Amino acid sequence: MQRNLLLAICGLIVAFGGMSWVGQAEDQKSSSILRSIPEGPLGDAIRLGRDLVENTTSHRLSQPFVGNALNCTSCHLKNGTDPQAASFLGVATAYPAWSPREKTVITLEDRILNCFMRSCNGIRPPLGSEVSVSISAYITWLSTDQPIRMNPERPAGPHAVPQLKVDITQANRQRGEGLYSVRCASCHAKNGQGDKENPPVWGARSFNDGAGLANVVQLASWLKVAMPLDETDLTEQEALDLAAFVNSHERPKFQLSEHLPPKEQLGTFNSELKMEEADAGR
């Protein structure tokens, strides 16, 4: 029995050590890619894109298109280089991709701009704008040397957050409230409004109800792999309870027409949906 116990312990050490090694390998790979950014106009665009991802709410180019207190890196941790938390690594290889929400095939640029409308609760930057091209360039550079894997099912890359197979009817907001007080409030505040370093998770300064994380299961899936930052160890049930509690609060309503720029500044919004279908299909 002692031998079996020893083998089990060794197996756990190998398993968790392997997971750590994979994460470290991805970090080293992304660091190498970032160090290899070229000089010249392309390199300038890539570096600008990284700056916009990190400072979306404050950068003079992106700030006019943001309607809340979230930066891209609020969800895409480490500027999208964390391999677990909505990673940008390899994302460009999945596009163009079919988008069930827009009911059409979209490009990486479309996906980025739609995020400004939903997660940033702002205005969609024009296609081909400096904001759009630079963020696209940065994300594409993070896919350097990876094979094309266009996605016929949804706009998601090879490191997409795996969706939890949970029963939403088993979510418990009361348990979630207790967990939030113990595991989340120290960074995001008891009132959910965060601080200068940590984003608000509900209310007028957070993502609107058209964002992916406004879906309880999607939020739970993200929480499971991303939070808390200092000790990412939530169980599936804890992530589900927390997501139910967070999303039980008020947040801005998504109306597509309110998030599109004037037609002359739009570029092309290529969704086949009518306005009312988009609003209803959050």
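The values are calculated or read from the model by the stated rules, or taken from the named source; none is laboratory data. In this text, all values refer to a predicted model and were calculated from it rather than measured experimentally. Counting neighbours? That spans all protein chains shown, and the Cβs are built from the backbone with ideal geometry, glycine included.
Of the residues 25, 8, 45, which is small (Gly, Ala, Ser), at pLDDT 95 or above and either in a helix (DSSP H, G or I) or in contact with a helix residue (DSSP H, G or I) (Cβ under 9 Å, 6 or more places away or on another chain) (or both)? Working first, answer last.
Numbers: 25 fails: at pLDDT 95 or above; 8 fails: at pLDDT 95 or above.
One residue alone meets the criteria, 45.
Please state which one of 192, 212 is farther than 21 Å from residue 88 by Cβ and at pLDDT 95 or above. Spell out the reasoning first.
On the way: 212 fails: farther than 21 Å from residue 88 by Cβ.
Of 192, 212, the one residue that is farther than 21 Å from residue 88 by Cβ and at pLDDT 95 or above is 192.
Scan region 130-139 and tell me whether some residue there is touching a Leu at 6+ places or on another chain (Cβ under 8 Å) and at pLDDT below 95.
No, region 130-139 contains no residue that is touching a Leu at 6+ places or on another chain (Cβ under 8 Å) and at pLDDT below 95.
Under 20 Å from residue 118 (Cα atoms) and modelled with pLDDT of 95 or more, is that true of residue 186?
Details: under 20 Å from residue 118 (Cα atoms): no; modelled with pLDDT of 95 or more: yes.
Answer is no for this residue.
Please work out if residue 114 is outside any helix (DSSP H, G or I) and of a type in the set (S, T, N, Q). Break it down into steps so the answer makes sense when it comes.
On the way: outside any helix (DSSP H, G or I): no; of a type in the set (S, T, N, Q): yes.
It is false that residue 114 is outside any helix (DSSP H, G or I) and of a type in the set (S, T, N, Q).
Please state which one of 198, 208 is in contact (Cβ under 8 Å) with a residue 60 or more places away in the chain and either of a type in the set (S, T, N, Q) or in the same structural domain as residue 63 (by TED's automatic domain parsing) (or both).
On the way: 198 fails: in contact (Cβ under 8 Å) with a residue 60 or more places away in the chain.
It is 208.
Mind checking which residues of region 165-183 are within 14 Å of residue 235 (Cβ to Cβ) and either of a type in the set (Lys, Arg) or touching a Phe, Trp or Tyr at 6+ places or on another chain (Cβ under 7 Å) (or both)?
Residues satisfying the conditions are 165, 175, 176, 183.
Among the candidates 179, 242, 223, single out the residue that is free of Cβ contacts under 8 Å to residues at least 24 places away in the same chain and in contact with a Leu (Cβ under 8 Å, 6 or more places away or on another chain). Quick ask: steps written out before the conclusion?
Numbers: 179 fails: free of Cβ contacts under 8 Å to residues at least 24 places away in the same chain; 242 fails: free of Cβ contacts under 8 Å to residues at least 24 places away in the same chain.
Unique residue meeting the criteria: 223.
It is to be established whether one or more residues within region 79-96 are outside the structural domain of residue 217 (by TED's automatic domain parsing), in a helix (DSSP H, G or I), without any contact (Cβ under 8 Å) to a residue 24 or more places away in the chain and within 23 Å of residue 215 (Cβ to Cβ). Explain how you work it out, then say what you get.
Pass one, region 79-96, residues outside the structural domain of residue 217 (by TED's automatic domain parsing): 79-96.
The next check asks that each one be in a helix (DSSP H, G or I); those that pass are 79-80, 91-94.
Next, from what is left, pick out any that are without any contact (Cβ under 8 Å) to a residue 24 or more places away in the chain: none.
The answer is no; no qualifying residue exists.
Looking at region 251-271, can you tell me whether even one residue there is among the basic types (Lys, Arg) and modelled with pLDDT under 95? Please lay out each step first, then the result.
Step one: of region 251-271, the residues among the basic types (Lys, Arg) are 251, 253, 263.
Narrowing further to those that are modelled with pLDDT under 95: 263.
Looking through region 251-271, at least one residue is among the basic types (Lys, Arg) and modelled with pLDDT under 95.
Residues of region 93-113 being under 18 Å from residue 76 (Cβ atoms), in contact with a Gly (Cβ under 9 Å, 6 or more places away or on another chain) and not aliphatic (A, V, I, L, M), which ones?
93, 95, 109, listed by residue number.
I'd like to verify a number: residues in region 171-185 that are buried (at least 19 other Cβ atoms within 10 Å of the Cβ) and either among the small types (Gly, Ala, Ser) or not assigned by TED's automatic domain parsing to the domain that holds residue 227 (or both), how many?
So the count comes out to 2.
For region 144-152, does any single residue satisfy the condition of being closer than 14 Å to residue 92 by Cα and either among the hydroxyl-bearing types (Ser, Thr, Tyr) or part of a helix (DSSP H, G or I) (or both)?
Checked region 144-152: at least one residue is closer than 14 Å to residue 92 by Cα and either among the hydroxyl-bearing types (Ser, Thr, Tyr) or part of a helix (DSSP H, G or I) (or both).
Take region 87-111 and flag every residue that is within 23 Å of residue 256 (Cβ to Cβ), of a type outside the set (Ser, Thr, Tyr) and out of contact with any strand residue (DSSP E or B) (no Cβ under 6 Å at 6 or more places or on another chain).
Those that are within 23 Å of residue 256 (Cβ to Cβ), of a type outside the set (Ser, Thr, Tyr) and out of contact with any strand residue (DSSP E or B) (no Cβ under 6 Å at 6 or more places or on another chain): 97, 100, 101, 102, 103, 108, 109, 110, 111.
For a quick check of your reading of the model, give me the residue pairs whose first member lies in region 30-53 and is closer than 11 Å to residue 133 by Cβ, whose second is at pLDDT 90 or above and of a type in the set (Val, Ile, Thr), with beta-carbon atoms closer than 6 Å and at least 6 apart or on different chains.
46/37; 49/135; 52/135
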